[in-house]
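Just below is one structure, and these are the notes that go with it.
The values are calculated or read from the model by the stated rules, or taken from the named source; none is laboratory data. These figures come from a predicted structure and were not determined experimentally. Backbone-built Cβ (ideal geometry, glycine too); neighbour counts: all protein chains shown. Ligands, DNA and RNA are excluded from the accessible area calculation, which covers all protein heavy atoms including side chains. Shrake-Rupley method; radii C 1.70, N 1.55, O 1.52, S 1.80 Å.
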Amino acid sequence: MVRYVTRRLIQMVFLFLVFLTVTWFLLYILPGDSVALKYAGNPNIPPEAREVALERLGLDKPVLIQFRDYMFNFFQGDLGVSFNQYPRPVVDIIAERLPRTLVLFLAALVTYYWAGFLAGKYLAWRRGNRGEMLVTIGGVGLYSMFLPWFAFMMIWLFSVLLDWLPLSKFLDPEQWRDAPFRANQVFMRLFWVTLIASVALFASGFIARQTRSRRLGRTLRWGGGALAVGGFFFYWYGVDSGQVMRVYAGDIGFHMILPVLVLTLINFAGVMLLTRSSMLETLREDYILTARAKGLPERVVRDRHAARTALLPVATSLVLAVATVIDGGVITEAVFSWPGMGEILVSSVLSEDIPLAVGAFSFIGILALIGHFVVDILYGVLDPRIRVTEHG
Amino acid sequence: MTSRRLPLEISAGQARLLEVDGLVMRYDTEAGEVSAVENVSFSLGRGESMGLVGESGCGKTSVALSLLRLAPENARYQSGSVLWEGMDLLELSDQEMREYRWAEISMVFQGAMNAWNPVYRVGEQIREAMDHHFDPPLSTVETSRRMDRLFNLVGLDPAVQNRYPHELSGGMRQRAVIAMALSCEPKLIIADEPTTALDVIVQAQILEELKEIQEDLGLSILYISHDMAVIAQVTDIIGVMYAGKLVEFGSTRDVFHGPRHPYSYLLLSSIPSVTGPRRRPVSLEGTPPNLLAPPAGCRFHPRCPWATEQCRTDEPPMMQIGPSQWAACWNSEQVPEMGEQLP
Amino acid sequence: MADQRSLPEETHTADPFGSQPILHEVDSWWKIRLTLMRRSLRENWRIFRRSKVGVFGLVIIAFWAIMAVMPTVFFATGFWNPAVYDPVTGLELNPPTRTMTMVERITDPNTEIDRRAVLLDGRIPDTLQIGDTFELPRQPAPPDGRHWLGTDPLGRDVLSQLMHGARASFFLGILAAVVTVVIGTTVGSMAAYFGGIVDAFLMRLADLLILIPGLAILIVIGAVFTFQLWHLAVVIGILSGFGGTAIVLKSQALAVKVKPFIDAARVAGGSARHIIFYHLIPNVMPLSVLYMMFTVTAAIQSEAVLSFLGVLNTDTSWGLMMNLARTQGYLLQVVDFWWLTIPAGLSVTLLSAAFFLVGRGMDEIVNPRLRRR
C-alpha cells in the first residue's frame, strides 16, 4: 500500500511538471508579444517606464530563462503579479479563492453522490420496467442539460420569480458594509466548523457500521449524528466567537445554496443512472442469493451486499469524473460570479491577465491531480481485489 | 392422478423432516408460462441424504430454491406444499421464512466463487449469518470459538476467515461455503452441485468430508447434481427428475441396480461402469422439451425408445415398483428387459 | 478466407433493402466483407430498435437534421429573403412597434419614456415634447407570422439562427467524433498490439489528458488562439481521442488481441500494420462508434459553453445566441423575452441528450450483457 501510494505521488509530481510546462509555454510564449504589447507596450507609457515594466515582468529575457525563472519561483510560492489587480501577487488571490472553490465542490460532490447513489439504489431495488424509460430519459435529460442555461433558469426561478435566494456572488455587500470581519475570516471559520461537524457525522456513521451489536450501532449512529449537528449549531448560537460571526456566516451559506443546488442537480442524474445499472447487475449475482438464503433481512441484503458492491463501478466513474466535475464547477462559478478558481480562470483569460490565468489553471490542475489521487486510494479501500493486485 | 400423496417412507419409523407434496411451480415469462416443477412429491427423514438428479433445466434447482422460498420473483406456486416438520413453509410470512432460512435449512451453492461477496472477508460473511440467527445473540468470544470449530470441521485453517474470497483456491472456497452452511446448525443442507467446478481429487475429498460431517452431526443433506456418479457415492435415496417432474424415486441402491424408468435407465447406462457388468454406454438422443409447451402424456415420450400409444396421451402416475422404489412409467415392468435389447 | 459455400443459406431471406447480392456470385473478399458488414448492420439495427430510449434519441436527431437542412430549402425557394433571414447579417427592417408617450416621470415603462431615455436612445428624435407620442421599434420582437420565434436584440430571426446553430452543432459534433474515433482506435490498437514502451508512453499521455479538465483547457487555448469552429472540433477530437477513448479502446483491443485469429494472422505472416488495420481495428470499431456518440455530446456542450462565455469565434451557434441574450441583459427576463433564451438552451440540451440516448441504445449492441434476458 505504502509503495503504491509513493509511486502514485511521484507520478503525480511528474505529471504536474509536464502540465505546468505545457501551460506556461501555451500562455506565455504562443501569444508572442501580445503580453508585452498590451501591458508594457502601451503608447501612453513613456519608453523608460516601459523598459522598467518589461524588466520587472521579466519579459526582456530569453524564453528559456524566463521559463526557468518561472518554475523556480513557482516552487518558492511566487507566481508573479496579476496584471489586472496590479500590485497583488497571484498567490494571494489564489490563496483567497481556492478554499471557496473547494467548499463549493465538496458540498456539491457529497450531496450529489449521496443523493444519486441513494436514488439509483432504490430505483434498481424497486426494479420493474414500469417507468424505466421515463427515468432514463429524465436522467439523461438532466445529465446533458446545458449547464449555463440551466443555471440561469434556476437563478431566474429561485431568485427572480420566487425571490427566495440571492442572485449571485459570494455575499451581500450591503450587509457587510460595517462588518467587523473580513469575508475570508468568516468564510474560513465557516469552513472549519462545517468540516469538523461533517467529519464527526461521517465518523459516527462509519463506526456504527463496524459494530456488531445492532443496538449499539443505532445508538452510535443517531447519538453521534445528533452530537455533530448539535455541536455545529451550538457553536454558532452558544459560543461567543461563533455568535458574533453568525449573521455573516449565514449570509455566505445563503449565497452557497443555489450554486450547490445547480451543481448537484446537473451531476446527480449521471450517478443515479450508473448506480441503477450497476445495482441491477449486482442483484443478479449469486452472492445476493446467498445473502437471502442466509435469512438476512432485505434491508441488509440491499445495503450491505448489493449496494456496497454496486458502489465499485460508481467509484470508478468518479475517477473519470474528477475532470468533468471541475469543468462543471468552472462554469457554475462563472455564471454565479462565485469568486473561486473557475471564475478567476474565465475572467483572467478573457482579460488576458496571463500570470493569473497560468496560476489559476495550474491550481485547477493540482486540484484535479489530488482529486484523482484521493479517488484512486478510495477505490483501493473499497475493492479488496484491487488492494492486492495493484501492488505489482 | 391416482395417488397424489406418496407413502415414501423408506426407512420407516423415523420422523419425517421434510415432506414435499404435489409441488407445482411455474415461472411467468414474457413468452408465457414455464412449468418448471410439476407435481413433485418426496420426503426426507432426519439424518438421511437424498440426491436429486437430472439434466440442467429439469427443475431440480427450482425445487431446491422452493425449499428456501428463494425462487425468482416471477415464480408462482400453483399448488402443493412444502412441509417442514409438519409446517407448510409456503404459508409462512416473509419474516418467519427469513428466520427459518439457514437456521433450519441452509444451502451450499453451485459455483462457490460467486457465492461469496467479493468485498467482505470470508469470516465476516459467516459471522453475519450467525449474528442474525442466534437468539439471544452469541457473544463475540463464543462466535469466534464457533468459527474456529467450523473451519476445523471442514478441514481449513481458522486463519482463512480473515482472507477475502478471491485469495482462496477453489477447494478452499468450497470448504468455506460448507462451513458457512453449517454455521447456524441447520437440520438440512441443500448442496446444489457442490463439487462441479472442482477437479476430481478435490471433489472426492470434499464429498467424503461432507459425508463424515453429515454422520457426525446427524444432518440431512439434499444433493442436487447432474452427475449420477457423485450422487451414487453419497446418498441413501435418489430422485430422478425430468422436465420438471420426478420420474423415479427410491433407495439409491435399488435405483442404481435396477432403474425402472427409461430416462434413469438411459442416464445410468451412459456412465461407463468400472466394477459392474460391461455395458455399452448408450447415449440419450434428443433434447429436453420446451417447458413453455411440455409434451402431452409422459413428458419423456418424444425421447423414449420404448414409447407406446398410451405414453403419448396419458400421463403416468408414480407407481410403487419395489419395497423402496417408485417410477412414473407405464412400462416400468419391462424396462430392464427392453434395455438389454438396445443396440 | 471465408469460403463462399460455408456461409449459411438463410442469410438472404427477407432483405428489407431488396438489393442483397446473391452470395454465390460474390467474387472478391471485399464484397464478402461488405455483405457481412451489411448483415451485421441489419442485425444490430434489430437489437438497437428494441431499445426505446435509443430510438427516441434517433428521432430527436432526425428532427434536428431536418431543421439543419431547412434554411437551404427556405432560401432556395425564396420563402426566406436572405437580407432579412440571414442568421448573421439579416435584419428585420420593419419590426413591430409600440406607441410610447413622452412623460415627465415614468410610471409604466412599457408605454412611457422620459427625457433621459430619449437622450440615451439614438433612435428617438430629441425634439419630442412632454405629451407627444412616438412609435418605438421593438427589437427583440416577440414571435409573429414573419418571425416564428421572434427576433433577437439585433433584429435577426431567431428561428433562422436556431437552424443554422443546429447545422454548426452537427458539423462540430460529427467532426470531433470522427477525429476522436480515428485517433482513439489507432492509438488504442497500437498500444495494445505493441505493448511495452509504446503502450507506456501512449497511456501516460492518456492519463494526463483525462486528468485535465477539458473545458478549462479549451478556455485557455481559446484565449491564445483565435478559435474557428473546426479548430475546436479538432482540438476536442484530439483531447478525447488521445485521452479517455484511447484507454477504453485499448482494453478492448487487448481482449481482441488474445483471440486465436490474431495468432493465425501472425503465423500467416501478417505484418503489424496488416494486423492492426485489418484485424484489430475492425473488431474494436463497434465500441468506437459508441464512444463517438458520447464525444458528440461532449463536443456540442463544450462549444455551447465556450461561445456562451465568449471565448469562441463563430458566426452562429446556440451558445452565441445565449451569449447575446446574456450580454444584452435578457437572460433573466425569462417570461418577457423567452424566445431569446429558451429555444437555444433547450436545443443544446435536447441534441446532446439525443446523442447520449443513441449511445445508450448502442451500448446494448456492444455489451451483450446489458441485453434484456
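Descriptive notes on the structure:
- Remark: C:Leu320 falls outside the filter, which requires a residue to be more than 14 Å from chain A (Cβ to nearest Cβ), at pLDDT 80 or above and buried (at least 24 other Cβ atoms within 10 Å of the Cβ).
- Region C:90-122: number of residues that are part of a loop (DSSP other than H, G, I, E, B) and β-branched (Val, Ile, Thr): 4
- Index of the failed condition, B:Ala36 passing every other in (1) within 14 Å of chain A (Cβ to nearest Cβ); (2) at pLDDT 85 or above; (3) open to solvent by less than 20 Å² (accessible area, probe 1.4 Å): (1)
- Residue list for region B:104-118, filter: at the interface with another protein chain (Cβ under 8 Å from one of its Cβ atoms) and surrounded by 21 or more Cβ atoms within 10 Å (Cβ to Cβ): B:Ser106, B:Met107, B:Phe109, B:Ala115, B:Trp116, B:Asn117
- The C-beta contact set for region B:35-53 (first residue among the basic types (Lys, Arg), second residue open to solvent by less than 10 Å² (accessible area, probe 1.4 Å), distance under 8 angstrom, 6+ apart or interchain) comprises B:Arg46/B:Leu17; B:Arg46/B:Ser220.
- Test: residue in region B:165-182 that is modelled with pLDDT under 90, crowded, with 16+ Cβ neighbours inside 10 Å, farther than 30 Å from B:Ala232 by Cα and not aliphatic (A, V, I, L, M): yes
- You will find that of C:Gly270, C:Gly195, C:Gly241, the residue that is of a type outside the set (Phe, Trp, Tyr) and within 22 Å of the chain's Cα centre (by Cα) is C:Gly241 and no other.
- Checking each residue in region B:84-100 for being closer than 19 Å to B:Glu185 by Cβ and open to solvent by 20 Å² or more (accessible area, probe 1.4 Å) picks out B:Glu85, B:Met87, B:Glu96, B:Arg98, B:Glu99, B:Tyr100.
- Among the residues of region C:323-342, those identified as part of a helix (DSSP H, G or I) and more than 10 Å from every other protein chain (Cβ to nearest Cβ) are C:Leu324, C:Thr327, C:Trp338, C:Trp339, C:Leu340.
- Residue check, A:Asp163 on the phi < 0 side of the Ramachandran plot, among the charged types (D, E, K, R) and out of contact with any Asp or Glu (no Cβ under 6 Å at 6 or more places or on another chain): no
- Selection of first residues in region B:195-211 that are assigned by TED's automatic domain parsing to the domain that holds B:Val230 and at pLDDT 85 or above and of second residues that are surrounded by 15 or more Cβ atoms within 10 Å (Cβ to Cβ) and of a type in the set (Lys, Arg), restricted to Cβ pairs under 7 Å at least 6 apart or on distinct chains, gives the following pairs, ordered by first then second residue: B:Ile206/B:Arg175.
- Residue count, region B:227-251 (criterion: open to solvent by 10 Å² or more (accessible area, probe 1.4 Å) and of a type outside the set (A, V, I, L, M)): 6
This table checks each residue for (1) open to solvent by less than 10 Å² (accessible area, probe 1.4 Å); (2) at pLDDT below 90; (3) in the same structural domain as C:Phe63 (by TED's automatic domain parsing); (4) in contact with a Lys or Arg (Cβ under 9 Å, 6 or more places away or on another chain).
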{"site": "C:Leu149", "(1), (2), (3), (4)": "no, yes, no, no"}
{"site": "C:His164", "(1), (2), (3), (4)": "no, no, yes, no"}
{"site": "C:Leu175", "(1), (2), (3), (4)": "no, no, yes, no"}
{"site": "C:Val178", "(1), (2), (3), (4)": "no, no, yes, no"}
{"site": "C:Gly196", "(1), (2), (3), (4)": "no, yes, yes, no"}
{"site": "C:Ala200", "(1), (2), (3), (4)": "no, yes, yes, no"}
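- Residue match in region B:63-83 (condition: assigned to a loop (DSSP other than H, G, I, E, B), open to solvent by 20 Å² or more (accessible area, probe 1.4 Å) and outside the structural domain of B:Leu188 (by TED's automatic domain parsing)): no
- Qualifying positions in region C:212-228 - of a type outside the set (Val, Ile, Thr) and surrounded by fewer than 21 Cβ atoms within 10 Å (Cβ to Cβ): C:Phe225, C:Phe227, C:Gln228
- Test set (1) under 28 Å from B:Glu104 (Cα atoms); (2) open to solvent by 40 Å² or more (accessible area, probe 1.4 Å) - A:Thr282 fails condition number: (2)
- Taken together, the residues in region B:128-155 that are within 8 Å of chain A (Cβ to nearest Cβ) and open to solvent by 60 Å² or more (accessible area, probe 1.4 Å) amount to 2.
- Among the conditions (1) more than 14 Å from chain B (Cβ to nearest Cβ); (2) in contact with a Gly (Cβ under 9 Å, 6 or more places away or on another chain); (3) buried (at least 24 other Cβ atoms within 10 Å of the Cβ); (4) among the aliphatic types (A, V, I, L, M), A:Leu345 misses just one, which is (2).
Every residue, every condition in (1) more than 16 Å from B:Tyr120 (Cα to Cα); (2) in contact (Cβ under 8 Å) with a residue 12 or more places away in the chain; (3) open to solvent by 40 Å² or more (accessible area, probe 1.4 Å); (4) not in a helix (DSSP H, G or I), yes or no:
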| residue | (1), (2), (3), (4) |
| --- | --- |
| A:Gly295 | yes, no, no, yes |
| A:Ala310 | no, yes, no, no |
| A:Ser317 | yes, yes, no, no |
| A:Ala323 | yes, yes, no, no |
| A:Ile326 | yes, yes, no, no |
| A:Leu356 | yes, yes, no, no |
| A:Gly359 | yes, yes, no, no |
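- Only one entry of C:Val235, C:Val220, C:Val198, C:Val284 meets the criterion of being more than 14 Å from every other protein chain (Cβ to nearest Cβ) and free of Cβ contacts under 8 Å to residues at least 60 places away in the same chain, and that entry is C:Val198.
- C:Pro87 being in a loop (DSSP other than H, G, I, E, B), open to solvent by less than 70 Å² (accessible area, probe 1.4 Å) and over 20 Å from C:Leu320 (Cβ atoms): no
Residue by residue, here is whether (1) within 26 Å of A:Met154 (Cα to Cα); (2) within 7 Å of another protein chain (Cβ to nearest Cβ); (3) in contact with a Ser or Thr (Cβ under 9 Å, 6 or more places away or on another chain) holds:
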| residue | (1), (2), (3) |
| --- | --- |
| A:Glu298 | no, no, no |
| A:Asp303 | no, no, no |
| A:Pro313 | no, no, yes |
| A:Gly328 | yes, no, no |
| A:Met341 | yes, no, yes |
| A:Val358 | no, no, yes |
| A:Ser362 | no, no, yes |
| A:Gly380 | no, no, no |
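- A:Ala183 passes every criterion in (1) more than 30 Å from B:Gly123 (Cα to Cα); (2) more than 22 Å from the chain's Cα centre (by Cα); (3) buried (at least 18 other Cβ atoms within 10 Å of the Cβ); (4) more than 14 Å from chain C (Cβ to nearest Cβ) apart from (2).
- Residue within region A:144-166 that is exposed (fewer than 15 other Cβ atoms within 10 Å of the Cβ), out of contact with any helix residue (DSSP H, G or I) (no Cβ under 9 Å at 6 or more places or on another chain) and not in a helix (DSSP H, G or I) present: yes
- For region C:344-358, the condition of being at the interface with another protein chain (Cβ under 10 Å from one of its Cβ atoms), in a loop (DSSP other than H, G, I, E, B) and more than 20 Å from C:Ser240 (Cβ to Cβ) holds for none of the residues.
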